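The values are calculated or read from the model by the stated rules, or taken from the named source; none is laboratory data. From a predicted model like this one, the values you see are computed outputs, not experimental measurements. Cβ atoms come from the backbone with ideal geometry, glycine included; neighbour counts cover every protein chain shown. Accessible surface areas use protein heavy atoms only, side chains included; no ligands, DNA or RNA. Shrake-Rupley method; radii C 1.70, N 1.55, O 1.52, S 1.80 Å.
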Amino acid sequence: MTEIKRVGISTGGGDAPGLNAVIRSVTLASRNRGWDVVGIRDGFNGLMFPDEYIDGGLIELTRESVRGISHLGGTILGSTNRGNPTAYPMQQDDGTWLEVDRTPELLGRFADAGIDALVTVGGDGSLTIGNQLHQHGLHVIGVPKTIDNDLDKTTATFGFDTAVSFASECIDRLFTTATSHGRIIVVEVMGRYAGWIALHAGMAAGAHCILIPEIPYDLAPIAATIRQREERGAKFSIVVVAEGAVPAGGAVSTVGKAVGQAEQLGGVGSRVATELQELTSKESRSVVLGHLLRGGSPTATDRLLGLRFGAAAVRALVEGHDGVMVALDPPTVTYVPLAEAVYRMKSVPPDCDTILTARDLGINFGDRMPDTL
Ligand code: F6P
């Protein structure tokens, strides 16, 4: 293995609060070992398309440039969830699109930039690209990132705690207006095909019904819960819906899919609100929290996790690991092969303790009629 002198770091996919803490941690832990650190702009675009950047697409990361950034949301390097270099969409003369593998070109750019090792911070997409680069001989360490908490081989990813905290704060606010007007308010939250954000934020804020992708829903039990609450004198109800929630026998709601990008989820919240209004004759409103959950300052938990992951990635390089992802396995941070890390997503187990707790509290998931006590 070549001696490391210069480490590259890139942040790819949807941003997540805590990314800047990782960048700071990788930079300081590397510099404290005498290594140079360079940030690649917008995933791998800074290397692939240097002419599109005033600074050539690469930023030297120094102690000064990472000073005071851990508490900032977003990523100082920029990010992108389009233009995967291993399956790069290129339009043909006849207007059709072809996915081209530009890995050899990208590897050449790493060599030209004198980058001996890459720390790639991302979700399943960026980690899959990282694995491919590793298989072509680049020294790669992955750092898991997603607000969705759906990466299988780590018990947590930074960004999730911030998203859940902010979502529950928003739901708290919706409670007061829902109560004043005696309405149903349906809150749609991100999470892709996993219901972690909806479940945790809904539970923390005391939602009455929670719809998640792992439990296909029927709105009859939800309407029954709302009516039952009404009979008990509670004229309002809060329903939290994960963007990937699916009606039993139906499909996920999508906004569309652009070439070279993942499908964009959305629309289930307003659909549920409309249908509940019809079923209950109660006035309903829907709110989409969307990208608000990705923005803002990371919680202390996410800052700390980002710092731990960044330093662990550098320790992985020192210890000679390659092609691995750092992963939280409390109380420690371990390394798992990148190939295993992206093998499958982590869904909410329908029989997990949090779901059992929710059911004990009378929260309806749309799969059972409420108890009649
Ligand atoms: O994976 C993170 C995530 O925020 C999902 O929860 C959401 O579906 C998706 O990204 C949205 O991505 P975009 O940035 O393309 O809107």
- Task: Report relative contact order for region 278-373 in percent, whole number only (criteria: Cα-Cα under 8 Å, sequence separation at least 6).
- Result: 13 percent
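What is the mean projected area of the alpha carbon convex hull for region 34-129, to one decimal in square nanometres?
On the way: hull surface 31.0 nm².
With every direction weighted equally, the projected area is 7.8 nm².
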- Query: Could you give the distance between the Cα centres of region 80-97 and region 202-260, to the whole Å?
  - Reply: 36 Å
- Binned Cα-Cα distance frequencies in region 1-86 - 5 Å width, integer %: 3, 15, 24, 23, 20, 11, 3, 0
- Query: Put V288, V119, V100 in order of accessible area, largest first, 1.4 Å probe: what do you get?
  - Reply: V288, V100, V119
- Among M48, M90, M190, whose mean-square fluctuation peaks in a Gaussian network model of the chain (Cα, cutoff 10 Å)? M90
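How much area per residue is accessible in the chain when the probe is 1.4 Å and only protein heavy atoms are counted (Å²)? Could the numbers behind the result be given before it?
Details: 16010 Å² over 373 residues.
Dividing the accessible area of the chain by its residue count gives 43 Å².
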- With just the Cα atoms of region 261-373, tell me how far they stretch along each of the three principal axes, in Å, largest first. 63, 34, 29
- Query: What is the helix-to-structure angle for 219-231, meaning the angle in degrees between its Cα long axis and the longest Cα principal axis of the chain, kept from 0 to 90 and rounded to the nearest 10?
  - Reply: 50 degrees
- In what sequence, largest accessible area first, do C170, C209 appear using a 1.4 Å probe? C170, C209
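Divide by every residue of the chain the summed helix terms, -39500 (n - 2.57) for each DSSP H run of at least 4, and state the resulting mean residue ellipticity at 222 nm, rounded to the nearest 500 deg cm²/dmol. All intermediate terms of the calculation are to be shown ahead of the outcome.
Numbers: 11 runs with 128 residues, N = 373.
When only DSSP H runs of four or more count, the value is -10500 deg cm²/dmol.
Roughly to the nearest percent, how much of the accessible area of region 155-234 is carbon and sulfur, given a 1.4 Å probe? Could the numbers behind the result be given before it?
Details: 1430 of 2680 Å².
Ligands and nucleic acids excluded, carbon and sulfur reach 53 percent.
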- Query: Given the protein chains as shown and a 1.4 Å probe, how many square angstrom of F309 are accessible, to the nearest 10?
  - Reply: 0 Å²
- Message: Test of understanding: in a Gaussian network model of the chain with alpha carbons linked when under 10 Å, which of G267, G43, G73 would top the mean-square fluctuation ranking?
- Response: G267
- Excluding ligands, DNA and RNA, the carbon-plus-sulfur percentage of the accessible area of region 244-296 with a 1.4 Å probe reads 51 percent
- Message: Ordering K145, K235 by accessible area with a probe of 1.4 Å, largest first, what comes out?
- Response: K235, K145
- Note on the structure: Amide H proximity to L61 below 5 Å, modelled H, separation 5+ or other chain, gives V37, V38, G39
- Item | Largest-first principal axis extents, alpha carbons of region 201-297, Å | 50, 37, 23
- Tally Lys and Arg at +1 and Asp and Glu at -1 over the other residues with C-beta under 12 Å from the C-beta of F110: what net charge comes out? -1
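Let me have the relative contact order for region 3-139, percent, based on Cα pairs under 8 Å that are six or more residues apart. Each step should come with its number before you reach the end.
On the way: 240 pairs, mean separation 44.7, N = 137.
Normalised by residue count, the contact order of region 3-139 is 33 percent.
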